[in-house]
1. Which of the numbered conditions does Met127 fail, given that it passes all the others? Conditions: (1) touching a Gly at 6+ places or on another chain (Cβ under 8 Å); (2) more than 27 Å from Gly65 (Cβ to Cβ); (3) open to solvent by 10 Å² or more (accessible area, probe 1.4 Å).
2. Picking from Pro125, Pro147, Pro104, which residue would you name as being modelled with pLDDT under 95 and farther than 21 Å from Ala19 by Cα?
3. Take the residues of segment 103-121 that are open to solvent by 80 Å² or more (accessible area, probe 1.4 Å) and in contact (Cβ under 8 Å) with a residue 24 or more places away in the chain: which is nearest to His150 (Cα to Cα)?
4. All but one of (1) free of Cβ contacts under 8 Å to residues at least 60 places away in the same chain; (2) closer than 13 Å to Leu137 by Cβ hold for Pro67; which doesn't?
5. Quick one: what pairs do we get from segment 74-102, first residue at negative phi, second open to solvent by less than 80 Å² (accessible area, probe 1.4 Å) and among the hydroxyl-bearing types (Ser, Thr, Tyr), C-beta under 6 Å, 6+ apart or different chains?
6. If you scan segment 155-174, which residues turn out to be more than 12 Å from the chain's Cα centre (by Cα) and either open to solvent by less than 20 Å² (accessible area, probe 1.4 Å) or acidic (Asp, Glu) (or both)?
7. Check off (1) surrounded by fewer than 21 Cβ atoms within 10 Å (Cβ to Cβ); (2) closer than 21 Å to Ala153 by Cβ; (3) not polar (S, T, N, Q) for Pro34 and give me the number that stays unchecked.
8. Does segment 11-31 contain any residue that is under 18 Å from the mean Cα position of the chain (by Cα) and part of a loop (DSSP other than H, G, I, E, B)?
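The values are calculated or read from the model by the stated rules, or taken from the named source; none is laboratory data. In this text the structure is predicted, and so the values were computed from the model without any measurement. As a convention, Cβ positions derive from the backbone with ideal geometry for all residues, glycine included, and neighbour counts pool all protein chains shown. Quick note on the areas: whole protein, heavy atoms, side chains included, nothing else; ligands and nucleic acids left out. Shrake-Rupley method; radii C 1.70, N 1.55, O 1.52, S 1.80 Å.
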Amino acid sequence: TEEPCAVISLGDQADTDAAVAAAKAALPGWMATPPAERIALLEKLLEVYQARAEDLAKAMSTAMGAPMDLARTSQVGAGSYHLSNFIKTAKEFKFEQPLGDHAPNDRIVYEGFGVCAMITPWNSPLMLLTGTLAPCLAIGNTVVIKPSEHATASTLALAELVVQAGIPAGVVNV
């Protein structure tokens, strides 16, 4: 109908700087959080994500015009799939391991490397966002998400779920 479905604020340089500063400030604490705790928070995110699946599908349908069946399966369903699989992978991943028999006191440690910028498209924002957000958070990175100005509703809804899941402030920024 071309009727407005939401009012959004377009971010400017000051908003971007604030989001990056929040992500940088949260980075040391998030990186120091043991992997098992980060994974537990991702599991909580998956739990609230699945509980709010219908709300997410409505947000997808309203904002980008996806039919509800497509929004439920290809968008929200794929997001759930991504979160589930990255959680499973993170649980099996060895974040720290010996370098080798030749150096028994040396270790290889896999950890976050900083603030990740995520730019999401209008046509698959939730599916692609969950596929990048979960591994970034699991390894210890913080993120700044720049959603498409044509489909922000699902990203904003996911940001609410991040808060609801108990992921610390500044770890995920929009």
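1. With respect to (1) touching a Gly at 6+ places or on another chain (Cβ under 8 Å); (2) more than 27 Å from Gly65 (Cβ to Cβ); (3) open to solvent by 10 Å² or more (accessible area, probe 1.4 Å), Met127 is out only on (2).
2. Numbers: Pro125 fails: farther than 21 Å from Ala19 by Cα; Pro147 fails: farther than 21 Å from Ala19 by Cα.
Pro104 is the lone residue from the list that is modelled with pLDDT under 95 and farther than 21 Å from Ala19 by Cα.
3. Checked segment 103-121; the qualifying residue nearest to His150 (Cα to Cα) is Ile119.
4. In the conditions (1) free of Cβ contacts under 8 Å to residues at least 60 places away in the same chain; (2) closer than 13 Å to Leu137 by Cβ, Pro67 misses (2) alone.
5. Filtered contacts from segment 74-102: Gly79/Thr130; His82/Thr130; Leu83/Thr130.
6. Filtering segment 155-174 for residues more than 12 Å from the chain's Cα centre (by Cα) gives 164, 166, 168-170.
Result: Gly170, single match.
7. It fails just one condition, (2).
8. Within segment 11-31, not a single residue is under 18 Å from the mean Cα position of the chain (by Cα) and part of a loop (DSSP other than H, G, I, E, B).
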